[in-house]
Every structure is written in C-alpha cells, then in structure tokens.
1. Hey, among VAL173, VAL182, which residue is farther than 19 Å from PRO86 by Cβ, free of Cβ contacts under 8 Å to residues at least 24 places away in the same chain and of a type in the set (Val, Ile, Thr)?
2. Go through segment 29-70 and give me each residue that's β-branched (Val, Ile, Thr) and surrounded by 13 or more Cβ atoms within 10 Å (Cβ to Cβ).
3. Output yes when any residue across segment 63-84 is out of contact with any Cys (no Cβ under 9 Å at 6 or more places or on another chain), of a type in the set (S, T, N, Q) and over 20 Å from ASP203 (Cβ atoms), and no when none is.
4. Of the numbered conditions (1) in a loop (DSSP other than H, G, I, E, B); (2) touching a Pro at 6+ places or on another chain (Cβ under 7 Å), GLU205 satisfies every one except a single condition; which is it?
5. Just to verify a result, which residue in segment 1-35, among those that are hydrophobic (A, V, I, L, M, F, W, C) and free of Cβ contacts under 8 Å to residues at least 24 places away in the same chain, is nearest to LYS130 (Cα to Cα)?
6. Considering each of PRO39, PRO43, PRO61 in turn, give the residue that is modelled with pLDDT under 95 and under 27 Å from ARG103 (Cβ atoms).
7. Has segment 209-227 got any residue that is in contact (Cβ under 8 Å) with a residue 60 or more places away in the chain, touching a Leu at 6+ places or on another chain (Cβ under 9 Å), among the polar types (S, T, N, Q) and closer than 27 Å to ALA64 by Cα?
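The values are calculated or read from the model by the stated rules, or taken from the named source; none is laboratory data. Predicted, not measured: the structure shown is a model, and the values here were computed from it. Every residue, glycine as well, gets a Cβ built from its backbone with ideal geometry; the counts of neighbours run over all protein chains shown.
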Amino acid sequence: MYRKELYLFNNGIPIKTIFRQYTERDFDQLIAIQKESFPPPFPSKLWWNTEQLQNHVSLFPEGAICAEIEGKIVGSMTSLIIDYHPNDSKHSWEEATDDGYIRSHLPTGNSLYVVDICVAPAYRKLGVGKWLMQSMYEIVVSLNLDRLIGGGRIPGYHKVSNSLSVDDYVQNVLSGKLKDPVMSFLLHCGRTPVCPVENYLEDEESCHYGILMEWKNPFKQKNECLR
C-alpha cells in the first residue's frame with residue numbers, strides 16, 4: 001500500500017499533504033477534478049468515468065495515486081504497466097491505455113505508462129503535480145521497471161502551428177525560446193522527450209499531437225543498450 005506524508009508550501013505556509021492510492025470512495029472527487037482541470041475545448045468524453053476508475057483500483061491499484069489535503073482530493077495520477085521498446089513509440093493514448101480502461105495492463109511488462117495526471121487549478125502552485133510524478137518514479141524503482149513513459153499534451157502548439165512544425169516546436173521549447181504549459185512542466189519534473197506522436201489524442205490545442213516523454217530508472221543503467 002503506497003502512502004507518504006510531506007509538507008507543501010502555500011505562500012510560505014507549510015501544508016501537510018498525503019499521497020496515497022485512491023479508492024472507490026474517492027471517485028466522485030476525482031471526476032469533479034477532471035471536469036475542473038480540463039475544460040472545453042478538451043473533449044468531455046475523455047474525463048474519467050466510474051467504470052474506468054473501478055478498473056484502475058482493481059487491475060493496478062499501485063498505479064492509482066491521489067494527493068489529499070485536509071481530507072480533500074486535490075490531484076491524481078494513474079498508470080499501468082506495458083512492455084515498451086523504442087520501436088513502439090508511434091501509438092495513440094487510446095491504444096496504449098485501452099481508452100483509459102487499462103485492460104491492457106501487463107504485470108510482466110518493463111515500463112510504467114502514464115495514463116493521466118490531473119491537479120485542481122487552485123492547488124497547482126503548491127507543486128502537487130511534481131510530487132505526484134515523483135511518487136510514480138518511486139513506484140518505477142519499487143517495481144524494478146526500466147522507465148516511466150507516456151505522452152503529454154502540447155497545448156501551446158496551436159498558437160504557432162502555422163509557422164512551426166511539431167519537431168521545431170519541441171526544439172523551441174527545449175531551447176527556452178518557447179514555453180508549453182504541459183511539456184515545460186514535464187521537463188521540470190525530470191522527464192525527457194522521446195518523440196512527437198501524431199494523432200496521439202483528440203486535442204485541438206495540441207493539433208492532436210502528443211510528445212512522448214520518459215524518465216529512466218537510474219538503478220537500471222543496463223537498459224541504455226536498448227537505445
């Protein structure tokens with residue numbers, strides 16, 4: 001059972017925050033946070049539903065983590081295990097996650113795949129998302145997996161898509177010339193880019209692209225030979 005307590009800071013004031021596995025009693029709050037965090041034009045059909053959440057806690061409870069402050073759920077992160085190899089990079093979110101139902105979870109796989117990360121807007125300045133990501137890194141190490149991997153939105157891309165290819169956009173973010181709300185956040189969390197993926201997710205702001213990004217388990221350096 002995964003559970004840790006630490007203090008996050010809000011305007012210099014420490015706030016005790018619990019990171020733990022979410023359960024069925026948390027479903028209503030988790031769905032409400034999704035709606036608040038991903039407003040239109042993000043497709044409402046991509047918000048969690050009860051059946052998906054039930055699969056998360058039944059099929060892979062170790063990969064279903066939430067953040068709680070004063071009894072209130074303020075964020076969550078969900079994952080599954082896949083067998084990943086570099087030539088598997090061209091896939092959609094739907095294909096990798098079984099449309100969020102994670103029936104594709106493979107306990108014998110080599111990589112932890114991010115299904116979703118979501119933080120209520122009012123709590124983002126506390127660094128909840130970064131600590132959720134850190135929790136997933138700890139799970140990677142605990143399960144002796146090769147890496148954490150998953151596709152992120154690039155919602156800033158639609159603003160410059162007429163003048164920049166997606167590869168140029170990614171390079172501009174990496175060089176610091178541009179900032180992207182999601183990609184820049186993932187870089188701050190220690191993730192590194194693998195490649196852009198066309199038609200990764202139904203997302204107009206990202207022009208339906210995703211950026212596949214990973215974090216390699218530093219205790220399994222032998223996997224560098226796969227690159």
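1. On the way: VAL182 fails: free of Cβ contacts under 8 Å to residues at least 24 places away in the same chain.
Just a single option satisfies the conditions, and that option is VAL173.
2. Looking only at segment 29-70, we keep the residues that are β-branched (Val, Ile, Thr), and these are 31, 33, 50, 57, 65, 69.
Residues satisfying the conditions are ILE31, ILE33, VAL57, ILE65, ILE69.
3. Step one: of segment 63-84, the residues out of contact with any Cys (no Cβ under 9 Å at 6 or more places or on another chain) are 63-72, 79-84.
If we keep only those that are of a type in the set (S, T, N, Q) as well, we get 79.
Then keep just the ones that are over 20 Å from ASP203 (Cβ atoms); that gives none.
So far as segment 63-84 goes, no, none of its residues is out of contact with any Cys (no Cβ under 9 Å at 6 or more places or on another chain), of a type in the set (S, T, N, Q) and over 20 Å from ASP203 (Cβ atoms).
4. Only one criterion is unmet by GLU205, namely (1).
5. So the first thing to find is which residues in segment 1-35 are hydrophobic (A, V, I, L, M, F, W, C), and the list is 1, 6, 8-9, 13, 15, 18-19, 27, 30-33.
Imposing the further condition that a residue be free of Cβ contacts under 8 Å to residues at least 24 places away in the same chain reduces the set to 1, 13, 31-32.
Numbers: MET1: 21, ILE13: 18, ILE31: 20, ALA32: 21 Å.
Taking the candidates together, the pick is ILE13.
6. On the way: PRO39 fails: under 27 Å from ARG103 (Cβ atoms); PRO61 fails: modelled with pLDDT under 95.
None of the others qualify; the one that does is PRO43.
7. Taking segment 209-227 as the starting set, the residues that turn out to be in contact (Cβ under 8 Å) with a residue 60 or more places away in the chain are 210-217, 219-220, 223, 226-227.
From what's left, touching a Leu at 6+ places or on another chain (Cβ under 9 Å): 210-211, 213-217, 220.
Filter again for among the polar types (S, T, N, Q), leaving 217.
This time we only want the ones that are closer than 27 Å to ALA64 by Cα, so: 217.
Scanning segment 209-227 turns up at least one residue that is in contact (Cβ under 8 Å) with a residue 60 or more places away in the chain, touching a Leu at 6+ places or on another chain (Cβ under 9 Å), among the polar types (S, T, N, Q) and closer than 27 Å to ALA64 by Cα.
Condition check ((1) of a type in the set (Asp, Glu); (2) modelled with pLDDT of 95 or more; (3) surrounded by 20 or more Cβ atoms within 10 Å (Cβ to Cβ); (4) in contact with a helix residue (DSSP H, G or I) (Cβ under 9 Å, 6 or more places away or on another chain)) across all residues:
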position	(1), (2), (3), (4)
LEU80	no, yes, yes, yes
SER89	no, no, no, no
THR97	no, yes, yes, no
ARG103	no, yes, no, yes
LEU106	no, yes, no, no
SER111	no, yes, yes, yes
